[in-house]
């Protein structure tokens, strides 16, 4: 009888231990509540069951290096430069420097995939002056690209706290092209315009804290520096046009560190 009672107590103890092990799997594999890799009750859960949810609106900034390969040439009858350079002669520039600005956008997470849109504005300080190949002692050509703005779509893939992404869309910036000569009384011919184009890039981001996102990105941007002819009488059927001042373009590359704060839908 005592032996039977001991066996029953042993069975109850084994059942209790089994129930405890079944009810607390974290103790079995060493995982603790709140650690990455497992859904935690009370946090947003996507189809991938990641702890990190990338959905929401974010604001932040970026800072890094930028370099460009720009070229432009005077169109026939464009600059009134006193003959500083024959029309059609191309001038090349290679400015570089630092860039920094602000970013804002929104993400929507669907499983491991993140879809979004982003706007950015950066000061570039890209500027370079070169001497004329015809009159190097008296004539100088200058290209300035003061700032860049982009409106891009983004698509990314996440592994919980880490996301890689690609992006692309519209780009524009303020460009100034100047031809200056000390000959003929000292003439300066300038064309300042909003130059538009396109951009492509990609990068990686890491959710250092649930709402603090750090990352690194590369972007390539092309801006058209060409000006279109002015034809005020074309609509009246009189094709009398003033030629554009310059033709050219700028290839711009940038590597930027970025940081942003993500406002989640539940905030």
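The values are calculated or read from the model by the stated rules, or taken from the named source; none is laboratory data. In this text the structure is predicted, and so the values were computed from the model without any measurement. Here the Cβ is made from the backbone with ideal geometry for all residues, glycine too, and neighbour counts use every protein chain on show.
At-a-glance table
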{"read-out": "Qualifying residues in region 232-266 (those that are farther than 30 Å from residue 199 by Cβ and assigned to a loop (DSSP other than H, G, I, E, B)) - the one modelled with the highest pLDDT", "value": "266"}
{"read-out": "Criterion (under 22 Å from residue 168 (Cβ atoms), modelled with pLDDT of 95 or more and buried (at least 21 other Cβ atoms within 10 Å of the Cβ)) met by exactly one of 99, 117, 106", "value": "99"}
{"read-out": "Some residue of region 152-161 being over 23 Å from residue 218 (Cβ atoms), in contact with a strand residue (DSSP E or B) (Cβ under 6 Å, 6 or more places away or on another chain), free of Cβ contacts under 8 Å to residues at least 40 places away in the same chain and surrounded by fewer than 21 Cβ atoms within 10 Å (Cβ to Cβ)", "value": "no"}
{"read-out": "Pair list, Cβ < 7 Å and 6+ apart or interchain, from region 117-142 residues that are on the phi > 0 side of the Ramachandran plot to residues that are modelled with pLDDT under 90 and assigned to a strand (DSSP E or B)", "value": "none"}
{"read-out": "Those residues of region 71-95 which are buried (at least 17 other Cβ atoms within 10 Å of the Cβ) and either within 23 Å of the chain's Cα centre (by Cα) or at pLDDT 95 or above (or both), in sequence order", "value": "95"}
{"read-out": "Residue match in region 160-173 (condition: modelled with pLDDT of 95 or more and within 30 Å of residue 139 (Cβ to Cβ))", "value": "yes"}
